[in-house]
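Presented below is the structure to which this report refers.
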Amino acid sequence: MKKYAVETTVGIFLVFGLLCIGYMTAKLGHVSLLGDDAYSLFARFTTVSGLRVGSPVNMLGIGIGRVERLTMDQKDQKAVAEIRIRKDIKVYDDAIASIKTEGLIGDVFLSIGPGGSGKLLKPGGTIADTQPAVDLVDLIGKYAFGEVKKQ
């Protein structure tokens, strides 16, 4: 009888451990199992250099989502970023999406200025006003070769 009690206890701990590993894998991998608590928006840029799938999306310095997918619109010659934003975050149709860098050589993220026109973007909507990332190498080159003018 004692032999089965030990085996049962070990089995319970093993199942509990596997459930914990599965939960942490889903949470750390940003996988939603029971329902989706986010919606998609799109932003069209002239370039998305440095931005990657999984890059954070911030509004007012707070993380509100992730970059889901990067594609190219061949017709308009634009890069399209699909972003997933938490459902409780409201983005207006005059919002501004810009690609920014943390520090000089830090991670690239997408920053959204919330706007305030009163008309909300619906899921699947497109942020019309975008700003691509500043190319530091190009700026340094212009400064070094005297193309930057003082005002």
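The values are calculated or read from the model by the stated rules, or taken from the named source; none is laboratory data. Since the structure is predicted, the reported quantities are computational estimates derived from the model, not experimental observations. Cβ placement follows ideal geometry from the backbone for every residue including glycine, while neighbour counts extend to all protein chains displayed. Only protein heavy atoms, including side chains, enter the accessible area calculation; ligands, DNA and RNA are left aside. Shrake-Rupley method; radii C 1.70, N 1.55, O 1.52, S 1.80 Å.
Among ILE96, ILE12, ILE83, the largest mean-square fluctuation in a Gaussian network model of the chain, built with springs joining Cα atoms closer than 10 Å, belongs to ILE12. Every helix of 4 or more DSSP H residues in the chain counts as -39500 (n - 2.57), and over all residues that averages to -8000 deg cm²/dmol at 222 nm. In the structure shown, the pairs LYS90/LYS119; LYS87/LYS119; LYS75/LYS119 are assessed against 19 Å; a Cα-Cα span above that value is assigned to LYS75/LYS119. Projecting the Cα atoms of ILE89, LEU121, PHE45 onto the charge dipole of the chain (Cβ charges, centred on the Cα centre) puts ILE89 farthest toward the positive pole. One compactness figure for region 66-107 is 1.45, namely its Cα radius of gyration divided by 2.2 N^0.38 Å.
Taking all protein chains into account, the per residue accessible area for the chain stands at 73 Å² (1.4 Å probe). For the chain, the share of accessible area belonging to carbon and sulfur comes to 62 percent (1.4 Å probe, ligands and nucleic acids excluded).
Calculated from the alpha-carbon coordinates, region 4-105 shows an Rg and a Dmax of 19.9, 69 Å respectively.
Amide H to amide H distances under 5 Å link GLY115 with ILE96, where only residues 5 or more positions off or on other chains count and H is placed in the peptide plane. Entry note, the chain: relative contact order of 23 percent, from Cα contacts under 8 Å with a spacing of 6+ residues.
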